[in-house]
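The values are calculated or read from the model by the stated rules, or taken from the named source; none is laboratory data. The model shown is predicted, which means the values in this text are computed figures rather than measured ones. A quick note on method: Cβ atoms are made from the backbone with ideal geometry, for glycine too, and the neighbour counts reach across all protein chains shown. Surface accessibility is based on the protein's heavy atoms, side chains included, excluding ligands, DNA and RNA. Shrake-Rupley method; radii C 1.70, N 1.55, O 1.52, S 1.80 Å.
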Amino acid sequence: MNYRLLASRFCCGGCLLSRRRLVTVSAVLALSLASPRSTAQTGSSGLPLDNFQFKASHNSFEKDELMDDQLDNYNCWAVELDLTVDSKCVPYGIHVYHPAGGRDLCLDEAIAEILRATDLDERVTFIWLDVTNPEPWPANRRELFRSVMLALGADRIYHKKDFDAYFAIHQCWPSWQHIHKLGKRFILVLEDAQAGPVAPDDDLFFIAAPSFQEATLPANAHATFINVQNADLDHGIPAPNDRWLYRSWPGITSHDTETWEHGVSRRFNLVGTDDIDQDYTILDSRTHSPQPLYVHRAATARLWGTRAYPMNNLSSAITRASPGITMRIRPGSYPGPVTFNKPMRVEPDARATGMVVIGTP
């Protein structure tokens, strides 16, 4: 990565800024966007997953926004698919319930829509499969789910055996950066009320349990995700317990803004929301920022830091950025001084050629 720097020391162009270094750029930093993109791994060793909160789309296919749009442009790290039985979905018979526009959507088609997202390889995405509806599911439904989900690529799915191997050594969850470095891009969660939370294990899926069962689960239960409706105030504040992650989701009678605040303030790890297109679910600094986080000086609307809706102020982008992310900057002049006070990679956005100028000449 070529760069030009005047009168200041600065680590950039695909480099990871040190966690211990505060870098103030008051000179001119010029990045050539015609240069090849850095091939360095994104992020740092990072913090365990249960130390973060990620925005989760609730009933994802009920939204007007397509799935790839939710993942690329609305900062959704987790999506939910409610599943039913439908013989029209050949050959697997698995239908996605209540898709927007009344369209018929089979699970394999839904997965294909997820795979259209551009930035899937830049982060880790949670896919939550909800099969709690009282359907006449066949006894081999696990194998059917497995057959469809393997379209994501078996080597790109973070298997439960991967978690068990890491947990045996470190006694905690890995960071998403660690999972990403392994080449894994997806974590699959199966919520199957008919089977129960301690059903026979399936290495492909992590299992979910409702919050009211948490106290009775054995320490080695297959349940790794605790599911909490409306961020239930009676549930208490989840404390990182190294093994389980917590998800909140809005119920029928709840107000989404209240559910969001309950989920975020009470430190749930996956915070489900129906308001995926609202500023408060994208700019909340308590939740993980977009990855990558995009900056474009000329942006004027929906300044979220996502692929389609970049932020236009570099200092604001740094404030929003979670540690260990990649910041991609489009051509333009960005006034200084600018202080990078957290670990991140800074790269030019390869979608355009031109010069990025940071600071005052």
Collect the residues in the stretch 107-121 that are open to solvent by less than 20 Å² (accessible area, probe 1.4 Å) and either over 18 Å from S57 (Cα atoms) or of a type in the set (V, I, T) (or both), keeping them in residue-number order. I111, I114
How many residues does the stretch 305-321 contain that are open to solvent by less than 10 Å² (accessible area, probe 1.4 Å) and closer than 23 Å to L47 by Cβ? 5
State all residues of the stretch 133-150 that are open to solvent by 30 Å² or more (accessible area, probe 1.4 Å), closer than 15 Å to D82 by Cβ and of a type outside the set (D, E, K, R); if no residue qualifies, say none. N133, P134
Among (1) within 30 Å of S147 (Cβ to Cβ); (2) modelled with pLDDT of 85 or more, there is one condition A100 misses while meeting the rest; what is its number? (2)
The stretch 151-185, residues that are crowded, with 18+ Cβ neighbours inside 10 Å and either under 28 Å from D82 (Cβ atoms) or among the hydrophobic types (A, V, I, L, M, F, W, C) (or both): L152, I157, Y158, H159, K160, F163, W173, W176, I179, H180, K184, R185
Quick count over the stretch 66-105, residues being open to solvent by less than 20 Å² (accessible area, probe 1.4 Å) and without any contact (Cβ under 8 Å) to a residue 24 or more places away in the chain, is 1
Criterion first (farther than 18 Å from V124 by Cβ, hydrophobic (A, V, I, L, M, F, W, C), touching a strand residue (DSSP E or B) at 6+ places or on another chain (Cβ under 6 Å) and modelled with pLDDT of 90 or more) does L270 satisfy it? no
